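Student: Next up is a structure, given as structure tokens.
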Amino acid sequence: MWLRVGAMVARYMYLYRRSLARSGEVFFWPVMELLVWGFLMTYLRRHMLPSAIVWLLGGMIFWDVLYRSQQAITLSLSEDIWAKNLINLFIAPISVFELLLATCFMGVIKATITILVLGTLASVLYAFDILTIGAALLPFMLVLLLFGWALGTFTMGLILRFGKAAEALVWGIPFLVQPFSAVFYPVDVLPQPLRAGAYLLPSTYVFEGMRAVVSHGTFDIRTLGIAFGLNLVYLGLGSLFFGLMLRIVRERGHLSRLGME
Amino acid sequence: MPDTPAISVELLTKRFGDLTAVNGVSFSASKGEILGLLGPNGAGKTTTIQLMLGLTTPTYGDITILGQDLRRHRRDILKRVNFASAYISLPSNLTVEENLTVFSRLYGIRNGRRRIGELLEQFEISHTLKQVTGALSSGQITRLNLCKAFLNDPDALFLDEPTASLDPDIADKVRTALGEIQRERGVTMIYTSHNMQEVETMCDRVIFLSRGNIVAQGTPAEVLKSARSESMEEVFIAIARNGALKDVAEAEGD
Ligand SMILES: Nc1ncnc2c1ncn2[C@@H]1O[C@H](COP(=O)(O)OP(=O)(O)OP(=O)(O)O)[C@@H](O)[C@H]1O
Ligand SMILES: [Mg+2]
């Protein structure tokens, strides 16, 4: 099994080694984003309370972990659809689970690179040290990664089912959850009815937790448990959804038509 | 088990909504046989192959490949079969070597490097090893797809118009290579093609499909005889126009 998963990871790594534009996706856009937020922070720092401003940059970097994780999954499989390679994979003795696992690994790789690059830059350029979050950093990242996998699996199901028409969703899906994840502001800001919804998203607990750590140095560890639990639910639902879409696509005979429309 | 067919299909049916693409088709291929699936555009050849690979789920019917039920043992079967088509390809942004390496690992092939070298040589594209797949000509890509299809030394091979887009010279070389491999290893092949001459020389047996139904089958010689015709091309045209195999001489009188 690991040989096959490894083969797929190698397949995607070959791609990134060769294509500057694609590797740029891991470095370039996150860095650009960081610059915008960083300068905004520098400006605001002169006028406002510094601690609240730290939230912005922390929020942005954390958000990117979730985003890259979701993107890695969706882009990896889309890549094979565009390349008309999907059939080759589906008739190879690799299971769909192993295929998804390989794309999840890509998520880990990309998210790790993102956090390393952005963390370093933020500390050099804007004196924002992400390590101040301390020991909670790792579980926070993990929650975001896993939620990214769940969203990615769901998005992939849509792409499998609706093909090119759903491709805009690759980019869009994360932004459907962003407003409710309280990335840049506390959950209290949301109107009452939306707050309950916000607490259904694992990501919310991370952003709330991060702010708690930044302002009082601690956070409620129980929330982490809830976040992991929710992640399990979403990963389960995402996989079920993907499986269902795959079954429909097999019934309609669309597997071979993907990428040719 | 000399008598168990390598591939057998019973009452295979696939409906897409109101359209019946494959209509209760039954046939089998014995070990080492090259079976041609022929018929006009839209006859159901590609659909039949996709059903046999488990890419599409049948509405009805049973598929047994290498003695195993496809529904229950798809993973095991996939290790021992392969597929190539002019309509799928390997990622264009990877080199030939990278692409074949990835697939040799997916198939768990020991000594993958050597196997890749042998196959590239057999299909006369060794010099492309380090080239990016997207830079190959369509004929080279077709041959690369065939290399991929032979990586796992399959017992059964499905080829959907493998020689489409090849120039006559290369097509001939590919046929020769396919024939050689088939003789050496006794691969069972299901083969579709619109080139009737090719079918006549390559296939041990042919099945003509029309609108999802089998309308003629047998060795090429048998089919010609029963149609009282001299050429497969004529038989093909008669089937395409009448939807059934009538006596070709008679049909021409209509
Ligand atoms: N996924 C699908 N959804 C709906 N109809 C389909 C689908 N796939 C095939 N068909 C229809 O089923 C019929 C058989 O198609 P198929 O591709 O099997 O034909 P074919 O014999 O391979 O033709 P060709 O020689 O053009 O390759 C056609 O009428 C086609 O339009
Ligand atoms: Mg076809």
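The values are calculated or read from the model by the stated rules, or taken from the named source; none is laboratory data. All values derive from a computational prediction rather than experimental measurement. Neighbour counts run over all protein chains shown; Cβ positions are idealised from the backbone, glycine included. Heavy atoms of the whole protein, side chains included, go into the accessibility calculation; ligands, DNA and RNA do not. Shrake-Rupley method; radii C 1.70, N 1.55, O 1.52, S 1.80 Å.
Student: I'm checking my understanding of the structure. Among residues of the stretch B:13-37 that are within 14 Å of chain A (Cβ to nearest Cβ) and either out of contact with any Leu (no Cβ under 7 Å at 6 or more places or on another chain) or in a loop (DSSP other than H, G, I, E, B) (or both), which one is nearest to ligand 2 (Cβ to nearest atom)?
Tutor: The extreme case among them is B:Ala21.
Student: Looking at A:Met245, is it assigned to a helix (DSSP H, G or I) and in contact with a Gly (Cβ under 8 Å, 6 or more places away or on another chain)?
Tutor: Yes: the conditions hold for A:Met245.
Student: Kindly indicate the residue of the stretch B:41-54 that is more than 9 Å from every other protein chain (Cβ to nearest Cβ) and assigned to a loop (DSSP other than H, G, I, E, B) and also most open to solvent (accessible area, probe 1.4 Å) among those meeting that condition.
Tutor: Only one residue fits best here, namely B:Asn41.
Student: Restricting to the stretch A:215-238, and then to whatever is farther than 22 Å from A:Thr103 by Cβ and without any contact (Cβ under 8 Å) to a residue 12 or more places away in the chain, can you tell me which residue is most open to solvent (accessible area, probe 1.4 Å)?
Tutor: Only one residue tops the list, namely A:Arg222.
Student: Which of the residues spanning the stretch B:76-88 are within 16 Å of ligand 2 (Cβ to nearest atom) and either farther than 30 Å from B:Thr128 by Cα or at pLDDT below 95 (or both)?
Tutor: B:Ala84, B:Ser85, B:Ala86, B:Tyr87, B:Ile88
Student: Let me ask something else. State whether one or more residues within the stretch A:239-255 are without any contact (Cβ under 8 Å) to a residue 12 or more places away in the chain, loosely packed, with under 14 Cβ neighbours inside 10 Å and farther than 30 Å from B:Thr13 by Cβ.
Tutor: Checked the stretch A:239-255: no residue is without any contact (Cβ under 8 Å) to a residue 12 or more places away in the chain, loosely packed, with under 14 Cβ neighbours inside 10 Å and farther than 30 Å from B:Thr13 by Cβ.
Student: Counting just the residues of the stretch B:55-75 that are open to solvent by 10 Å² or more (accessible area, probe 1.4 Å) and within 8 Å of another protein chain (Cβ to nearest Cβ), which one comes out farthest from ligand 2 (Cβ to nearest atom)?
Tutor: B:Arg75
Student: Still on this structure, I have one more. Restricting attention to the stretch A:92-127, which residues are more than 14 Å from every other protein chain (Cβ to nearest Cβ) and outside any helix (DSSP H, G or I)?
Tutor: The one that is more than 14 Å from every other protein chain (Cβ to nearest Cβ) and outside any helix (DSSP H, G or I): A:Ala127.
Student: With the condition kept exactly as written, say whether any residue in the stretch B:179-193 is closer than 22 Å to B:Glu234 by Cα and either assigned to a helix (DSSP H, G or I) or out of contact with any strand residue (DSSP E or B) (no Cβ under 9 Å at 6 or more places or on another chain) (or both).
Tutor: Taking every residue of the stretch B:179-193 in turn, none turns out to be closer than 22 Å to B:Glu234 by Cα and either assigned to a helix (DSSP H, G or I) or out of contact with any strand residue (DSSP E or B) (no Cβ under 9 Å at 6 or more places or on another chain) (or both).
Student: Sticking with this one: Sort out which residues of the stretch B:1-44 are within 16 Å of ligand 1 (Cβ to nearest atom), farther than 20 Å from B:Leu159 by Cβ and of a type in the set (Val, Ile, Thr), and write them in order of number.
Tutor: B:Thr13, B:Thr20
Student: What are the residues in the stretch B:30-64 that are closer than 17 Å to B:Lys14 by Cβ and aliphatic (A, V, I, L, M), if any?
Tutor: Once the filter is applied, which keeps residues that are closer than 17 Å to B:Lys14 by Cβ and aliphatic (A, V, I, L, M), the stretch B:30-64 yields B:Leu37, B:Ala43, B:Ile49, B:Leu51, B:Met52, B:Leu53, B:Leu55, B:Ile63.
Student: Among (1) open to solvent by less than 10 Å² (accessible area, probe 1.4 Å); (2) closer than 27 Å to B:Ser89 by Cα, there is one condition A:Phe97 misses while meeting the rest; what is its number?
Tutor: The one condition A:Phe97 does not meet is (1).
Student: In addition: Go through the stretch B:90-106 and give me each residue that's open to solvent by 30 Å² or more (accessible area, probe 1.4 Å) and facing another protein chain (nearest Cβ under 7 Å).
Tutor: Hits for the stretch B:90-106 are B:Ser92, B:Asn93, B:Arg105.
Student: Residues B:Glu161, B:Glu98: which one is touching a Phe, Trp or Tyr at 6+ places or on another chain (Cβ under 8 Å) and free of Cβ contacts under 8 Å to residues at least 24 places away in the same chain?
Tutor: Sole residue among the options that is touching a Phe, Trp or Tyr at 6+ places or on another chain (Cβ under 8 Å) and free of Cβ contacts under 8 Å to residues at least 24 places away in the same chain: B:Glu98.
Student: In the set B:Val96, B:Val102, B:Val81, which member is away from ligand 1 (no atom under 16 Å from the Cβ) and under 19 Å from B:Val174 (Cβ atoms)?
Tutor: The conditions single out B:Val96.
Student: Follow-up question, since we're still on this one. Condition first: at negative phi and outside any loop (DSSP other than H, G, I, E, B). Now tell me which residues in the stretch B:210-220 satisfy that.
Tutor: Correct list: B:Ser210, B:Asn213, B:Ile214, B:Val215, B:Ala216, B:Gln217, B:Pro220.
Student: Confirm whether A:Leu121 is open to solvent by less than 30 Å² (accessible area, probe 1.4 Å) and either out of contact with any Lys or Arg (no Cβ under 8 Å at 6 or more places or on another chain) or hydroxyl-bearing (Ser, Thr, Tyr) (or both).
Tutor: In short, no.
Student: Looking at the stretch B:189-209, I want the residues that are on the phi < 0 side of the Ramachandran plot and have a partner that is small (Gly, Ala, Ser) and assigned to a helix (DSSP H, G or I) with Cβ atoms under 8 Å, at least 6 apart or on another chain. Which pairs are those?
Tutor: Here the result reads B:Asn195/B:Ala171; B:Glu198/B:Ala171; B:Met202/B:Gly179, each pair linking the stretch B:189-209 to a residue that is small (Gly, Ala, Ser) and assigned to a helix (DSSP H, G or I).
Student: Could you tell me whether any residue of the stretch A:148-161 is in contact (Cβ under 8 Å) with a residue 40 or more places away in the chain, surrounded by 15 or more Cβ atoms within 10 Å (Cβ to Cβ) and within 14 Å of chain B (Cβ to nearest Cβ)?
Tutor: Yes; the residues of the stretch A:148-161 include at least one that is in contact (Cβ under 8 Å) with a residue 40 or more places away in the chain, surrounded by 15 or more Cβ atoms within 10 Å (Cβ to Cβ) and within 14 Å of chain B (Cβ to nearest Cβ).
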